[in-house]
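Only one structure is covered here, and it is reproduced in the block below.
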Amino acid sequence: MKLWNIIWIGVVLVCGVGCSSFLDVQPKDKQSEKQLFATRGGFYTAVTGIYNKMASPALYGKNLSYELVDVISKRYQPLPVNTYLTALSTFAYTDENVKKTLESTWTTAYNTILNCNVVLENIDESEGVLQEQEYRVLKGEMLAVRAFLHFDMLRLFGPVYKLHPEAEAIPYNESSKVVALPLMTADSVLHEKILRDLDEAEELLADRDPVIENGPMASLEKDEEVYLRYRQLRMNYYAVLALKARVYLYAGEQANALVAARKLLADSKVNEHFPAVDPNKLLANQSNPDRVFSTEVLTGIYKKDRVDIYTNYFSAEQAGNNYLHPRKDFVGTSLFAGETQDYRFQTWWQVASGVGESGHSLIKYKGIDKPSGTKESEYFYAVFMSLIRLSEVYYIAAECEPVLSDRYGWLNQMRTRRGLPELTVVSEDDFMKRLRSEYLREFIGEGQIFFMYKRLYININSDENGYDTNTYGAKEERYVLPLPSGEVDNR
């Protein structure tokens, strides 16, 4: 089944097509594996199919972004009539619907990893098929995707690393064969596998990834090849560095995390290629604002039906029983604490409407109008979701600096990019509270908040969130999601 999984999610890459048609699924159900990887186009079909799978609802198109992971971090108050979302928000991981969702996420992640391994095996046998640059870029990307997916399975299903790095966690699959694999310890997964893959990916991409010289390349001129373009939709060189910083921070290795973060932040090309969101194009623009701040995203996913996220989950008028909304007084009073000049407050939240509604609704993924006369490539932010933001690298640097004033310095750089005044140096406790607040503001709808709480092993709803910490305190059973029963039964 490994080949057909690739083929059915494959995307045909044709020179001269635009971004939308470039990402439309075209099944190729009669192609053999040997035939598929006999051409350059076959490799890109398989690779882009893997990225397309990452955008599926079981992964970053829903479960690992705005729904499952955000709900268990207590971002929202689901309606009581929705028993599934209510079960999630109360950490009822044994609920049948919750178990099915977790199993779907696990299975899809490992299926996608297996397909990465199929591509990696064929890349090493592709002499004469791929050019040297393509060989290095595609291999680097697939190693990075494999590490990325394993890392999120570790963060979701593995132990609280801060407490039990030696505990059994997840398997690490490096084969294209469908076999039961042993559980590895969390420490072994991180250091022996994930960081090894990321080191190799960085080396492969360092001097060959077009993003370094040309940036995101989110457009296509007539008669131009598509193969190595659209770097924000790929696990590019800069995204690999950011992911290494994220992994090292999770492992508690702040010095190494800081090295990786500084490597990015000290590179003048990074700010050139991924500039801060322009408030002049954002705040006064009511018809088509770039609410995902796409210029700052190092890597993300193409989500053609992204508008449905708002309609089906965050619109008080349309979402029905799926409606997700914060506690009534949370956004203005607690989350932004009066800093309503924050670009994120002004563009991601609106006063909730509807019968009996109050508080704020999240409009981060609300549909926008296409600007007249605009190329499809210049409008791609309407169907784009973030996987790794440059802002996270600033936050990692801030947390890892040994000198308190330097920590505030990195944090203030991001506050300036969000239209906020700089903070004065107060104390370590004040800094960490401010940093946590930044995560809460910055990553709503993107799944990173739960992982922050698990990494720090602090109250999943600390005092700045206004929840009862005796009821929702830090407990391992809330942070360690159970492995799917099928995975356990095979051991």
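Here are a few things to note about the model shown:
Conditions (1) open to solvent by less than 20 Å² (accessible area, probe 1.4 Å); (2) under 22 Å from Phe43 (Cα atoms); (3) in contact with a Lys or Arg (Cβ under 7 Å, 6 or more places away or on another chain), marked per residue:
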{"site": "Arg231", "(1), (2), (3)": "yes, yes, no"}
{"site": "Asn236", "(1), (2), (3)": "yes, yes, no"}
{"site": "Leu241", "(1), (2), (3)": "yes, no, yes"}
{"site": "Leu265", "(1), (2), (3)": "no, no, no"}
{"site": "Lys269", "(1), (2), (3)": "no, no, no"}
{"site": "Pro275", "(1), (2), (3)": "no, no, no"}
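- Pairs are defined by a Cβ separation below 9 Å, a sequence spacing of at least 6 or placement on different chains, a first member in segment 201-226 that is over 27 Å from Asp124 (Cα atoms) and outside any helix (DSSP H, G or I), and a second member that is of a type in the set (Val, Ile, Thr) and at pLDDT below 95; the pairs so defined are Leu220/Val17; Leu220/Val226.
- Ser405, sole failed condition from (1) over 30 Å from Leu258 (Cβ atoms); (2) out of contact with any Leu (no Cβ under 8 Å at 6 or more places or on another chain); (3) modelled with pLDDT of 90 or more; (4) among the hydroxyl-bearing types (Ser, Thr, Tyr): (1)
- Here is the figure for segment 306-360: residues that are closer than 21 Å to Ala284 by Cα, charged (D, E, K, R) and buried (at least 18 other Cβ atoms within 10 Å of the Cβ) total 2.
- Listed by first and then second residue, the pairs with beta-carbon distance under 6 Å, at least 6 apart or on different chains, first residue in segment 111-134 and open to solvent by 10 Å² or more (accessible area, probe 1.4 Å), second among the charged types (D, E, K, R) and in a helix (DSSP H, G or I), are Leu114/Lys2.
- Some residue of segment 41-63 being among the hydrophobic types (A, V, I, L, M, F, W, C) and in contact with an Asp or Glu (Cβ under 6 Å, 6 or more places away or on another chain): no
The values are calculated or read from the model by the stated rules, or taken from the named source; none is laboratory data. Every value quoted in this text rests on a predicted model; they were computed, and no experiment measured them. Positions of Cβ are generated from backbone atoms using ideal geometry, with glycine treated the same way; all protein chains shown enter the neighbour counts. Note: accessible area is taken over every heavy atom of the protein model, side chains too, but ligands, DNA and RNA are not part of it. Shrake-Rupley method; radii C 1.70, N 1.55, O 1.52, S 1.80 Å.
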